1. So which residues in segment 113-130 are among the small types (Gly, Ala, Ser) and touching a helix residue (DSSP H, G or I) at 6+ places or on another chain (Cβ under 7 Å), if there are any at all?
2. If you scan segment 95-115, which residues turn out to be surrounded by 19 or more Cβ atoms within 10 Å (Cβ to Cβ) and more than 21 Å from GLY132 (Cα to Cα)?
3. Quick check on ASP118: is it closer than 20 Å to PRO92 by Cβ, of a type in the set (Asp, Glu) and surrounded by 13 or more Cβ atoms within 10 Å (Cβ to Cβ)?
4. Pairs, please: C-beta under 6 Å, at least 6 apart or cross-chain, first residue free of Cβ contacts under 8 Å to residues at least 12 places away in the same chain and surrounded by fewer than 16 Cβ atoms within 10 Å (Cβ to Cβ) and in segment 46-75, second of a type outside the set (S, T, N, Q) and in a helix (DSSP H, G or I)?
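The values are calculated or read from the model by the stated rules, or taken from the named source; none is laboratory data. Quantities reported herein were computed from a predicted structural model and do not represent experimental measurements. Neighbour counts are summed over all protein chains in view; Cβ atoms, including those assigned to glycine, are modelled from backbone coordinates with ideal geometry.
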Amino acid sequence: MLEQEINKEIKAAMLSKNEARLRGLRAIKAALLLAKTEKGASESITEDAEIKVLQKLAKQRRESAEIYKTQNRDDLYTIEVEELDVIESFLPRQLSAQEVETEVKAIIQNTGASSVKDMGKVMGAANKQLAGKADGKLVSEIVKQLLSQS
């Protein structure tokens, strides 16, 4: 389970006095704890739910880092990037744009989609197949691009 792995990693980061890793790990632990205690949540969360929590954290860090970069706040930008690296180390490997395009082409062929009107059908299948492996925004852009070409 991810929670136990995070706890072990926190202890290791404390012992090695790795502040950046410790911050990232504590953020993950807090988010998982929140997810477990949400209204209607069961005592333990599924692996899919854990991945969604991690993706949400990574997205928040990416967006914050972008904002800090544009505002020339390198001190805050560095913190966000360090935490993002820690969070991403627990996520499944992300597919490249080319790999996503290959997957989406296969999905378009399987669903028989032929125009942008079929985007919803393709996105539904793509989100199921690529969950946790690719950024939703990237998938959406590729689906739109491929469907508008046909």
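1. Matches in segment 113-130: ALA113, SER115, ALA125, ALA126.
2. ALA113
3. No; evaluated as a whole, the condition is false for this residue.
4. Close Cβ pairs (under 6 Å, with a partner that is of a type outside the set (S, T, N, Q) and in a helix (DSSP H, G or I)) amount to LYS69/TYR77.
Here's the yes/no breakdown for (1) in a helix (DSSP H, G or I); (2) of a type outside the set (S, T, N, Q); (3) assigned by TED's automatic domain parsing to the domain that holds GLY136:
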position: LEU54; (1), (2), (3): yes, yes, no
position: ARG62; (1), (2), (3): yes, yes, no
position: ILE67; (1), (2), (3): yes, yes, no
position: ILE79; (1), (2), (3): yes, yes, no
position: GLU83; (1), (2), (3): yes, yes, no
position: GLU103; (1), (2), (3): yes, yes, yes
position: ASN110; (1), (2), (3): yes, no, yes
position: ALA113; (1), (2), (3): no, yes, yes
position: MET119; (1), (2), (3): yes, yes, yes
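For (1) β-branched (Val, Ile, Thr); (2) farther than 30 Å from ARG26 by Cβ, each residue gets a yes or a no:
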{"residue": "VAL81", "(1), (2)": "yes, no"}
{"residue": "GLU99", "(1), (2)": "no, yes"}
{"residue": "LYS105", "(1), (2)": "no, yes"}
{"residue": "ILE108", "(1), (2)": "yes, yes"}
{"residue": "GLY112", "(1), (2)": "no, yes"}
{"residue": "ALA125", "(1), (2)": "no, yes"}
{"residue": "SER148", "(1), (2)": "no, yes"}
